[in-house]
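Below is one structure, written out as C-alpha cells, with a few remarks after it.
The values are calculated or read from the model by the stated rules, or taken from the named source; none is laboratory data. These numbers come from a predicted model, not from an experiment. As a convention, Cβ positions derive from the backbone with ideal geometry for all residues, glycine included, and neighbour counts pool all protein chains shown. Accessible surface areas use protein heavy atoms only, side chains included; no ligands, DNA or RNA. Shrake-Rupley method; radii C 1.70, N 1.55, O 1.52, S 1.80 Å.
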Amino acid sequence: MDKQSHINQLADEAMGSADNAKRATPPPYLSTRVNSRINKAANAYFTNPFYFISKPAVAIGALIFLITINITALLLNKSYTIVAHTAQSAPDIADENTDNLTSIYDIVNIEP
Amino acid sequence: MSQSEALINRIKQGDKTAFTAVMELYQDMVYNTAISIVQNAADADDITQDVFVKFYQTMGTFKGACKLSTWLYRITISITVDTERKKKRKKRFAFAESFFGKEEEQVTAVEFNHPGIALEKKESAAALFKAMKQLPENQQIAFMLHKLEGQNYQEIAEIMNTTLTAVESLMVRAKVNLKKYLQSYYTNI
C-alpha cells in the first residue's frame, strides 16, 4: 500500500470515528447548581438596587426622561424670563416719561 | 397540548419539579452539543448551566412554534458560539497585552477526547475534533449536529433557522474541508 492511499485510509477512518458516539453526560448535581444560580439572580434583583438601574432599558429610559425634563425646564424658564422681564421693564419706561414724578425735591419745594 | 407545552405551563406556574424534569430530559443533549463545539469539559459545564438559566428566564417568550428541543438547541448554539468568540478575542488581545508587559498566560493545546467515543476510535476521533476546530462556524455546527447528535438535515435546518438546501451544501463543504485537513494532518505526522 503506497503512502497516499494509507493517508486516505486514515482520513476516512477519522471521518467515521464519531459515528455511533454516545452522548457525553454533564457532571452530577447540575440541577442543584442551576437552581442556585437562578435563586442568586432573583435575590440580586431584589437586594441590589443597582441591579435594576443597570439594566440597559432602564438606564436609557431614565436618561431620555432626564433630558426631556431638562429641555422642558429650559424652555419654560426662558419664556418665563421674557415675560418677567417685559413685566418689570414696562412701568420703568412709564415712570421715566411721566410728568407726575414725586420726588423729595417736589415734596420739599412745594410751590405756593 | 404537547408534553413540552405542558411542562412549560407548569414551570410558568412556579412548579419547580417541572423545571427539574426539563433539565433531566435535556441536560445530556445540551452538554453534548456544547462539549462537541468548545471541546473542553469545564466550559461545556458552564455553558450547560447558562443555557438552563437563560431557558428559565426566557421561557415566557416560547410560543410553541417549534419543538422544545429545537429551542434548547438554538439557545445552546448561541451561547456556545458567543463563548468561542470571546475566547478567540481574548487570544488576540493577549498578544497585544504582551507588549505592555502583562504576563502572557501559557496555553497549551490539549488533545480533546470526547467522552462518548469508543476507546478503539479515540485516536482517530481526536484528529477529527482537531480538524473540526478548523472549520467555519456554520459548517462545524451542521456537521456536529449530524454526526454527534444524530439529527437529520431537516431538523438541522430548523435548528439553524435555514433551508434544507443550505444545510446540504454546508455538509458537503464540511466533509470536503475535513478530509483536506485530515489528509494534511496525517501527511505531517
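Below is a table of values for the structure above.
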| quantity | calculated |
| --- | --- |
| When residues of region B:58-74 are limited to those that are free of Cβ contacts under 8 Å to residues at least 40 places away in the same chain and assigned to a helix (DSSP H, G or I), the one farthest from the chain's Cα centre (by Cα) | B:T61 |
| Counted residues, region B:113-131 - those being assigned to a loop (DSSP other than H, G, I, E, B) and within 10 Å of another protein chain (Cβ to nearest Cβ) | 5 |
| Every residue from region B:2-20 that is surrounded by 15 or more Cβ atoms within 10 Å (Cβ to Cβ) and more than 10 Å from every other protein chain (Cβ to nearest Cβ) | B:S4, B:L7, B:I8, B:R10, B:I11, B:A18 |
| Residue match in region B:86-101 (condition: within 21 Å of A:L30 (Cβ to Cβ), assigned to a helix (DSSP H, G or I) and either at pLDDT 95 or above or of a type in the set (F, W, Y) (or both)) | no |
| Pick from region B:132-166, criterion in contact (Cβ under 8 Å) with a residue 24 or more places away in the chain, more than 22 Å from B:R85 (Cα to Cα) and in a helix (DSSP H, G or I), ranking: most open to solvent (accessible area, probe 1.4 Å) | B:E158 |
| Residue that is open to solvent by 10 Å² or more (accessible area, probe 1.4 Å) and facing another protein chain (nearest Cβ under 10 Å), where the choices are B:V53, B:V30 | B:V53 |
